[in-house]
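Structure first, commentary second.
The values are calculated or read from the model by the stated rules, or taken from the named source; none is laboratory data. Quick caveat: nothing in here was measured; it's all calculated off a predicted structure. Backbone-built Cβ (ideal geometry, glycine too); neighbour counts: all protein chains shown. In case anyone asks, the SASA skips ligands and DNA or RNA and just uses the protein heavy atoms, side chains included. Shrake-Rupley method; radii C 1.70, N 1.55, O 1.52, S 1.80 Å.
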Amino acid sequence: MDQIESIRHDITLLTEGDIYLFRQGTHARLYDKLGAHQIVHKNQQGTFFAVWAPNAQSVSVIGDFNNWSTDAHPLKMRRDDSGVWEGFIPGLLSGTVYKYHIASRYHGYRVDKGDPFAFCWETPPKTASKTWDIDYEWNDADWMNNRKAVNDLDAPLSIYEMHLGSWRRQVEDDNRPLNYRELARWLPEYMREMNFTHVEFLPVTEHPFYGSWGYQTTGYFSPTARYGTPQDFMYLVDCLHQQGIGVILDWVPSHFPDDAHGLHYFDGTYLFEHADPKRGYHPEWQSYIFNYGRHEVRAFLISSALFWLDKYHIDGLRVDAVASMLYLDYGRREGEWTPNQHGGNEDLDAVSFLRSLNEAVYRDYPGVQTIAEESTAWPAVSRPTYVGGLGFGMKWNMGWMHDTLTYFSKDPIYRKHHHNQLTFSLWYAFNENFLLPFSHDEVVHGKGSMIGKMPGDDWQKFANLRALYGYMYGHPGKKLLFMGSEFAQWSEWNHDRSLEWELLQYSPHRGIQDWLKDLNHFYRNEAALYEQDFASEGFEWVDCNDWEESTISFIRSAKRSGDVILAVCNFTPIPRMNYRVGVPRGGWWREVLNSDATQYGGSGHGNLGGVEAAPVSVHGRSHSLMLSLPPLATLFFKVEE
């Protein structure tokens with residue numbers, strides 16, 4: 001105890017270069033310099049602290065180790081006008097609970113804050129930071145060496161989106177969530193079984209309110225302690241990588257909550273957020289917006305993004321709520337926002353930040369992807385910054401999602417009047433690198449489950465859902481499906497409950513799960529379905545005009561000439577017999593997948609394994625197939641070489 005009763009101010013981890021880059025907003029590794037770091041200095045083991053609080057009168061480290069005394073361990077402000085306070089406390093080791101007591105220069109404001117750069121936090125509802133050594137011995141070298149090819153834009157990408165706390169719960173143990181280590185035992189095996197390529201976690205960054213699902217972040221450099229330690233989360237990522245599964249994190253640079261221990265009003269001023277509520281406050285979410293024009297804030301956020309790629313071997317970042325960042329009037333009425341200097345509604349600081357973020361990510365980690373959740377017509381979201389784009393690798397196709405679910409929610413008798421909602425997406429499908437999402441947002445807040453959106457009796461609901469998933473996997477764009485949707489959970493997602501795994505004792509639900517397994521396997525093994533997702537050369541309609549019978553047919557093509565897949569969809573419960581479809585060549589066209597097959601819960605209608613193409617011209621093609629189209633079904637065909 002004697003060793004940690006004094007603090008030294010003659011030790012620093014920050015160089016003049018660090019300070020320069022920090023103040024320029026280009027320091028991308030601040031997590032190595034700011035925060036709490038265990039170091040050894042002249043045989044003295046202890047913890048170095050550094051925190052940015054330029055408007056503080058004084059800053060001290062408080063915790064159990066000094067009985068939360070605000071006078072025992074004062075930090076000292078650097079003399080370079082950086083606003084950084086620092087100090088070294090000998091004897092203070094990993095696992096120590098601490099906060100910063102900040103006395104502002106203004107209005108007598110005093111507050112106890114968690115560390116913005118903390119690697120570990122107490123388990124909520126407790127709110128203190130913890131000193132932590134995040135060393136870990138990784139065993140995923142094979143994955144890391146080869147992941148660029150796996151994550152490439154011309155590779156298959158089938159993402160299982162999940163919320164860690166409600167995937168599986170230990171009902172017999174007071175309904176508790178699985179911890180990271182338990183998830184590492186079950187999740188990689190399930191991902192392999194289901195043939196998904198990647199898993200995407202709703203935000204794991206530390207957050208005070210469990211019901212926010214992680215979207216109200218306080219700890220931008222720490223996985224939530226609800227499920228274990230930083231090393232436990234690393235172990236989960238490691239195990240997924242060893243099974244060939246990529247890991248994507250949902251990351252939230254758009255806003256943060258007003259919790260007293262968090263970033264809000266950090267040093268008695270609006271430090272991380274805009275002071276003007278027209279720019280700094282989200283009326284819709286009741287949270288605060290980062291000041292993207294402040295260099296130190298940009299460095300903080302870019303460092304957070306790179307931290308997960310560096311220390312946790314993450315393979316991609318899904319950036320939440322990009323639209324809210326881009327527009328000054330997002331969620332605001334007239335008079336509640338201020339135009340930019342050109343009179344427009346674009347947040348030019350946010351645009352600059354997003355470009356810098358993506359440039360930093362792809363510069364330092366070319367094997368990963370950034371994915372924008374962006375719901376507007378903002379141009380070139382997934383185009384390089386050097387051509388004026390935002391620089392993301394991909395963008396969620398929210399228009400396709402909304403139109404598709406609207407179409408499928410209709411009784412089939414009315415679908416012919418909404419046929420354009422099914423076909424419209426191909427007018428813009430290649431304007432961006434699109435990802436097709438059926439995400440958590442579609443199964444909460446009264447929207448019902450995926451199976452619950454489908455019309456008709458139970459048989460038709462399941463048939464509709466199988467046809468929908470088949471259509472999704474045939475449509476250009478990478479794929480994302482939220483947990484529970486892969487086996488047609490009846491209930492809306494509830495973050496306080498486990499998924500309804502017990503439904504898998506019933507054959508219709510097993511049928512949906514088996515259909516997803518086979519769709520994923522088929523998709524991953526057919527280059528025609530993924531290689532040219534973002535190029536118009538990878539898609540061509542056979543017939544998009546048969547609105548009267550609510551059928552569509554199209555061809556997907558790989559880069560290799562002649563490597564094609566034919567998809568045919570019948571979105572009515574009426575079988576279509578002797579239905580002729582044009583094809584690009586003669587030969588035997590094998591029926592490789594049929595959503596109406598009995599093993600998936602269908603009626604078993606089909607084409608007895610395949611059809612020989614006849615030299616009958618239709619749909620502008622020299623050959624055609626005479627098909628039997630099952631009710632409410634998607635079929636895939638491939639010509640035998």
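See the values below:
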{"item": "Positive-pole candidate from Gly344, Gln45, Gln460, dipole of the chain, charges at beta carbon", "result": "Gly344"}
{"item": "Listed peptides 296-309, 121-134 by packing density, highest first (mean Cβ within 10 Å)", "result": "296-309, 121-134"}
{"item": "Cα→Cβ-extended label distance, 7 Å offset, between Glu193 and Gln57, nm", "result": "6.2 nm"}
{"item": "The range 57-149: relative contact order in percent, alpha carbon pairs under 8 Å with at least 6 residues between", "result": "23 percent"}
{"item": "Potential lengthening between Asn525 and Arg185 on full extension [0.36 nm per residue; Cα-Cα distance subtracted]", "result": "119.7 nm"}
{"item": "Value of relative contact order over the chain, rounded to a whole percent, pairs C-alpha under 8 Å and six or more apart", "result": "10 percent"}
{"item": "Ellipsoid semi-axes in whole angstrom, largest first, where each is sqrt(5λ) of the Cα gyration tensor of the range 512-571", "result": "21, 18, 8"}
{"item": "Option label - P(r) over Cα pairs in 10 Å bins from 0, in percent computed here, alternatives (1) 3, 15, 24, 23, 17, 10, 5, 2, 0, 0; (2) 3, 11, 14, 14, 13, 11, 7, 6, 7, 6, 3, 2, 2, 1, 0, 0; (3) 3, 14, 25, 28, 20, 7, 2, 0, 0", "result": "(1)"}
{"item": "Glu492-Asp329 pseudo-label distance in nm [points 7 Å out on the Cα-to-Cβ vector]", "result": "3.1 nm"}
{"item": "Ranked packing of 69-78, 38-47, most packed first, by mean Cβ within 10 Å", "result": "69-78, 38-47"}
{"item": "Residue-wise HN-Hα coupling along the range 150-158, computed from phi with Karplus coefficients 6.51, -1.76, 1.60 (Hz; x: Gly, Pro)", "result": "5, 8, 5, 5, 9, 9, x, 9, 10"}
{"item": "Two-site label geometry, His41 and Asp310: point separation in nm, points 7 Å out along Cα→Cβ", "result": "2.1 nm"}
{"item": "Per-pair calculated FRET efficiency, R0 = 56 Å: Trp459 and Tyr20 via Cβ, rounded to 0.05", "result": "0.25"}
{"item": "Mean Cβ neighbour count within 10 Å, used as a protection proxy, ranking 16-24, 561-569 highest first", "result": "561-569, 16-24"}
{"item": "Ellipticity estimate at 222 nm from DSSP helix runs (n ≥ 4, -39,500 (n - 2.57)) divided over the chain, nearest 500", "result": "-7000 deg cm²/dmol"}
{"item": "Cβ-based net charge around Ser104, under 12 Å, with every Lys or Arg adding one and every Asp or Glu removing one", "result": "+2"}
{"item": "Average Cα contact separation per residue, the range 269-422, under 8 Å, 6 or more apart, as relative contact order %", "result": "17 percent"}
{"item": "Length gained when the stretch Glu500-Ser69 is fully extended (0.36 nm per residue, less Cα-Cα span)", "result": "150.3 nm"}
{"item": "Phi to ³J(HN,Hα) by Karplus 6.51 cos²θ - 1.76 cosθ + 1.60 over the range 379-390, Hz, x for Gly, Pro", "result": "x, 6, 4, 9, 10, x, 5, 6, 10, x, x, 7"}
{"item": "Förster radius 56 Å - calculated FRET efficiency between Gln243 and Arg8 (Cβ-Cβ, nearest 0.05)", "result": "0.75"}
{"item": "Surrounding net charge for Asp250, when Lys and Arg each add one and Asp and Glu each subtract one, Cβ distance under 12 Å", "result": "-4"}
{"item": "Alpha carbon centroid spacing (whole Å) that separates the range 618-635 from the range 40-89", "result": "72 Å"}
{"item": "Cα long-axis angle, helix 398-409 against the chain (0 to 90 degrees, to the nearest 10)", "result": "50 degrees"}
{"item": "Mean accessible surface per residue for the chain, computed with a 1.4 Å probe while every protein chain stays in place, in Å²", "result": "38 Å²"}
{"item": "Local electrostatic count at Thr127 - Lys and Arg +1, Asp and Glu -1, tallied over other residues with Cβ under 15 Å", "result": "-2"}
{"item": "Net length gained if the chain between Thr598 and Lys410 were fully extended (0.36 nm per residue, minus Cα distance)", "result": "65.2 nm"}
